[in-house]
Amino acid sequence: MERDLTDLMHAGVAAREESMADLQPGAGALAATVRSVRRRRTVRHSVQGLGVGAVAVAVAGASWFGLQRTDPPLPATTSTPSATSSPAPSATTPTPTVVHDEILGLPPTRSLPPGLLEQATPGWVLATYHSVPAGATELEPGVEGIPGGVVHTVVLVSPAGEMYRVVDLPLDMGVTILRWEAGSTTAVVRIEWVGDLGVGMESRAVLDLTSGTLTPTALGLFSSDYFPNMYVGDAADGVELWDEAASTDAIVSNLYRVRQDGSAPEFVGDIGFVWLLDPTGRWLVSNGPEDLEAEEGFLLLDVVDGGTTQLSYGVPGQRCDVVGWFDPGRLLAFCTDDGTSETDPAAANAAYYRIDVSPSGATPTLLTRIGLTDPHPTDTWSGAWVSSGTVAFAGAVGSLDVRCADDTYLWTGSSARAAPVAPGSSPLRILGGDPLLVESTTGGCTGGATAATLRAYDAASGTSAVLAPEPAPTADVPVWSIGLVSWTRGVAP
């Protein structure tokens, strides 16, 4: 099956690329439609693609994959480095008070001390704030234009939540941080838009964190404002993984390995609309492209050595979706009766399954069935690996038609339990590891979403702490609709 499937996918790549080559809309049409198409691809993959390298460097448990890591595990906590040494406080020497700058559109921050950026270690967070007061036009491209915001700043956040201003960026530009090696003075970013019409997308650029200079880098893949490339993550051998839209509805993509040495991209295989990279960065699962008739199954891709296998969940009569990776070779899936209109989980036979996967097949194991008092995932294909056998996901309790997450949940052992990261808030993005990082907001399901907050959650102690809060309120701006817009955890060089 693997050879037939791979031949079929390769045969379709050239034809789809040729059919899309002339599909460049005019400027007016682009400005009016870029929001919906880009959102389908970027919002979904903001959960999976951004910072996935931080999860990929985690040490996974032994399994049939047998991948041996050479990098040391990331530290759970990291002490805050300082630019200069100072004597320890004594009984007669009071500890100096830290004075933060109050800047409109930012939480309390400090200027970046010389050398601190270079001293940052894995676990520090690099983030951007592009703050817009509540009631202003959404910070998105569109025919009405976009607000410039009041501030657009890159900040460095320590594991203790201390925030330092790194560099300012243009107000009329959107920038998303994709990858940052802790201690580096550059970061890989995506330029989302430039100017009032929201065009000017650059899928990959390098941001100089000392000067703010942005340098686009060619990927060698088909791309446009309408069909940008998406960063999928880093493979286990360090090569970046990127997708290339292969259909006009952005449902089907080609996955490539892209080295930064000028060599041609290496085609890995076709993927669908959603995907998840395993904790080692060796294996990727994706929903199957519709033209491969894989709606009732999924694809398993070896992103290092190549090869694609189409697999079935193996649960007859049920519709299943991947929640997240338990470990390399093991998936957590959520299933309900196929075609049912039941919203009561028990009536729909809703259940969690473990799916053991390999290129030779997939084997399901029923974990538990659930009822109205049990949590269910509100957005599948977006769970985060926390540790061996533990998956974090956005979820809610009650009827299956409740699609607004009320908190973050952890599957541990035989059931899912609430992780009180921010009760009553809807998680926007969850990044696995220790600690777990969760970006969430309130009011997102009622149309009155507030600016996001990033928190760190310690699964062992069950406690959370704010790393990057909402912008500080003022008399003139008591509420911010947008503040934190992108972030990633620093990875080991």
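The values are calculated or read from the model by the stated rules, or taken from the named source; none is laboratory data. No experiment lies behind these values; they were computed from the predicted model shown. Note that we place each Cβ from the backbone using ideal geometry, even for glycine, and neighbour counts take in every protein chain shown. Surface accessibility is based on the protein's heavy atoms, side chains included, excluding ligands, DNA and RNA. Shrake-Rupley method; radii C 1.70, N 1.55, O 1.52, S 1.80 Å.
Some values worked out for this structure:
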quantity	calculated
Pick from region 239-253, criterion at pLDDT below 95 and not acidic (D, E), ranking: farthest from G389 (Cα to Cα)	T248
Restricting region 255-278 to residues that are hydrophobic (A, V, I, L, M, F, W, C) and in a loop (DSSP other than H, G, I, E, B), the residue that is modelled with the highest pLDDT	A264
Pair list, Cβ < 7 Å and 6+ apart or interchain, from region 158-172 residues that are closer than 14 Å to P469 by Cα and of a type in the set (A, V, I, L, M, F, W, C) to residues that are in a loop (DSSP other than H, G, I, E, B) and open to solvent by 20 Å² or more (accessible area, probe 1.4 Å)	A160/T80
Some residue of region 262-284 being surrounded by fewer than 23 Cβ atoms within 10 Å (Cβ to Cβ) and within 22 Å of I191 (Cβ to Cβ)	yes
Residues within region 350-395 that are closer than 26 Å to C445 by Cβ and more than 20 Å from the chain's Cα centre (by Cα), tallied	10
Residue within region 340-348 that is in a strand (DSSP E or B) and either open to solvent by less than 20 Å² (accessible area, probe 1.4 Å) or in contact with a Leu (Cβ under 7 Å, 6 or more places away or on another chain) (or both) present	no
So R259, is it of a type in the set (K, R) and open to solvent by less than 40 Å² (accessible area, probe 1.4 Å)	no
Selection within region 418-454 - open to solvent by 50 Å² or more (accessible area, probe 1.4 Å) and either touching a helix residue (DSSP H, G or I) at 6+ places or on another chain (Cβ under 7 Å) or among the basic types (K, R) (or both)	none
Residue in region 368-386 that is open to solvent by 20 Å² or more (accessible area, probe 1.4 Å) and closer than 28 Å to S158 by Cβ present	yes
